[in-house]
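Following: one structure in structure tokens, then a few remarks.
The values are calculated or read from the model by the stated rules, or taken from the named source; none is laboratory data. As the structure is a prediction and not an experimental result, all values here were calculated from the model. Neighbour counts run over all protein chains shown; Cβ positions are idealised from the backbone, glycine included.
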Amino acid sequence: SRALSSAAASTKAVKPPVQLFGLEGRYATALYSAATKMSQLDQVEKDLIALQATIKTDKKLRESVTSPIINRKVMGVALKDASAKLNFAPATANLLGLLADNGRLKKLDNVITAFRTIMAAHRGEVVCEVVSAKPLDSSQNKQLEGALKSFLTGNQSLKITSRVDPSIIGGLIVSIGDKY
């Protein structure tokens, strides 16, 4: 009976540090779970970042990945071959094959973005967006960062993105992760 209990534990899904919804969230969560079990999280993240950058810069690849004309099976085989040549992790290759088989390659960019969100949460990064009416100077940024760090717990780190929106007239709009 010990063998059965340990076998059951190894097949249990690994929960990501942040819950994402929608089709992209389901694929990203499944990939996170599979990559964690295979101890390939960092390799999968590197693969997907490189793939996302290549898709953005290579027009031919972008069009072939999103084309409804190309046969799913042909695209799946081509992506698996490319994954092997590029030394992608097996979990990455499986994701590409699965998306191709299910006709969902056009969602690949969104799946990668969702996976990157999960990985940021895994590393303890908290994304904070600050919207201001005017650009903030360095002293204001330091003061704001000091105040925002009080919302963090334990080993979390703050990643601030700023943008200017003159339509808010004055003040700041601050959103921290998925809580504030």
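Quick notes
- The set of residues in the stretch 31-61 that are in a helix (DSSP H, G or I) and among the aliphatic types (A, V, I, L, M) comprises Leu31, Ala34, Ala35, Leu41, Val44, Leu48, Ile49, Ala50, Leu51, Ala53, Ile55, Leu61.
- Any hit, the stretch 79-92, residues being more than 20 Å from Ile49 (Cβ to Cβ) and surrounded by fewer than 20 Cβ atoms within 10 Å (Cβ to Cβ): yes
- When Lys106 is tested against (1) touching a Ser or Thr at 6+ places or on another chain (Cβ under 9 Å); (2) assigned to a strand (DSSP E or B), just one condition goes unmet, and that condition is (2).
- Flag if Lys85 is free of Cβ contacts under 8 Å to residues at least 24 places away in the same chain and either farther than 27 Å from Ser162 by Cβ or outside the structural domain of Asp165 (by TED's automatic domain parsing) (or both): yes
- The stretch 12-47 - residue that is among the charged types (D, E, K, R) and surrounded by 13 or more Cβ atoms within 10 Å (Cβ to Cβ) and, of those, nearest to Asn110 (Cα to Cα): Glu24
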